[in-house]
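To start, the structure itself, in structure tokens.
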Amino acid sequence: MSMNSFGHLFRVTTWGESHGPALGATVDGCPPGVPIEAEMLQHWLDKRRPGQNKNTTQRNEPDAVKILSGVFEGQSTGTPIQLMIENTDQRSRDYGDISETFRPGHADITYWQKYGIRDYRGGGRSSARETAARVAAGGVAREALNALVPGIEIKGYMTAMGELDIDRAKFDWDQIDQNPFWIPQGPEVAQDWEDYLQKLRKAHNSVGAIIEVVARNVPAGLGAPVYGKLDTDLAAAMMSINAVKGVEIGEGMAAARLTGTDNADEIFMGENGPEYGSNHAGGILGGISTGQDITVRFAVKPTSSILSPRRSIRKDGTPIEVITKGRHDPCVGIRAVPVGEAMMACVILDHLLLHRGQVGENRGKIG
């Protein structure tokens, strides 16, 4: 029974634990002839890599990806691509005190209840460290998308952190890669976010965040009724990311407060095909892409590993007060941005391959 894989034609299986010797991904279904080099994938892993600044965990991992199979002379062969990332900066001793204790907010207690065994070193399989493998696989998906449908762009950014929100009226795409929070705002706003986060960190606390991921220039027609909807798989993909507690497509929950006249995206005929007056649907109607920007948001809970004491119990049921040691992100949402991008890339490529397999080119002509 496999619970560590996702995707249909483009299928990703991740493996490994936070404090094991290595982790990685097996990517099956990548079309042959796609240019792939380790350096291409490393670019995306470097976005997620820990220890880059004081706003993230100080665990210093190079996250150097190795391609073990499925690529020959710089091109995918059509066979499974095996990716490996070695762990080099584990401190398993930091977790010795919790071998018999369940940390509040963590999966310690549920893993134990289900399996009767758990890797307490950094959370093992439930650690956010697992997402490095997804980012590597997402790099493969990006290269395949670029080869099949040049022009698709996938970009993620933070829209909120705790009580802070971006100003949509001052949205600046060019600023996203210019600050450690991946926010589409100027440097003065990024400084305010850093001051806010460092204040929480010094108080031995953490905070949650909201991440938005947008895919531009995705062709219309991806996704299928009724159980193969594009937004169904996108929601599942984002919800599978560690610490995610909510996912929205397009207007999301806010659609419940709109009227029908406000929410329905009006359609017009443009020079190059249909155009829409708005995008409350988030680029997906009936589970099928419209050709507009696909917009997904997900909420990440505050990091549960904090130095402030929290009440819990041991395996024998006795009470205990827990202070989680080790090196942890004060806001895990920062490094969740490239993870969300990777999951978007994997799902879109999967649905592109499914669409081509069933339909080929879009059959319904307009105009």
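Counting only alpha carbon atoms, the long axis of helix 187-202 and the longest principal axis of the chain meet at about 30°. Taking only the Cα atoms of the range 62-148, the ratio Rg/Rh comes out at 1.12, with Rh defined as the Kirkwood radius. Between amide H atoms placed 1.01 Å from N, distances below 5 Å from GLY208 occur with GLY162, all of them 5 or more places distant or on a separate chain.
Measuring nothing but alpha carbons in the chain and taking Rh as the Kirkwood radius, the Rg to Rh ratio lands at 0.98.
Along the range 308-313 the Karplus relation, 6.51 cos²θ - 1.76 cosθ + 1.60 evaluated at θ = phi - 60°, assigns HN-Hα couplings of 6, x, 10, 7, 7, 9 Hz to successive residues, with x for each Gly and Pro.
Given R0 = 35 Å, the distance between the Cβ atoms of ASN146 and LEU258 translates into a calculated FRET efficiency of 0.45.
Remark on the range 124-166: Rg and Dmax equal 14.9, 41 Å (Cα only).
In the range 187-265, the alpha-carbon atoms span a convex hull of 172 Å³ per residue. Take every pair of alpha-carbon atoms less than 8 Å apart whose residues are at least six positions apart; their mean separation over the length of the chain yields a relative contact order of 22 percent.
Below 22 Å, Cα to Cα, which lysines can LYS66 reach? Residues fewer than 8 away in the same chain don't count. Of all the lysines, those that pass the test against LYS66 - Cα under 22 Å, at least 8 places apart if same chain - are LYS47. Computed on the Cα atoms alone, the convex hull of the range 1-46 gives a volume of 109 cubic angstrom per residue.
Projected onto planes of every orientation and averaged, the convex hull of the alpha-carbon atoms in the range 142-246 covers 8.7 nm². Applying a DSSP loop filter and a limit of 13 other Cβ atoms within 10 Å to the trypsin sites (Lys or Arg not before Pro) in the range 292-367 leaves LYS315, ARG363, LYS365. Across the range 272-367 the C-alpha pair distances fall into 5 Å bins from zero in the proportions 2, 9, 12, 14, 13, 10, 8, 7, 7, 7, 5, 3, 2, 1, 0 percent.
Solvent-accessible surface (1.4 Å probe) assigned to THR56 amounts to roughly 10 Å².
Between the beta carbons of ALA38 and LYS365, assuming R0 = 51 Å, the FRET efficiency works out to 0.75 to the nearest 0.05.
The values are calculated or read from the model by the stated rules, or taken from the named source; none is laboratory data. Source: prediction; values computed, not measured. With ideal geometry, Cβ positions are generated from the backbone for all residues, glycine too; neighbour counts draw on all protein chains shown. The protein model used for the area step is the full one, side chains on, heavy atoms only, and it has no ligands, DNA or RNA in it. Shrake-Rupley method; radii C 1.70, N 1.55, O 1.52, S 1.80 Å.
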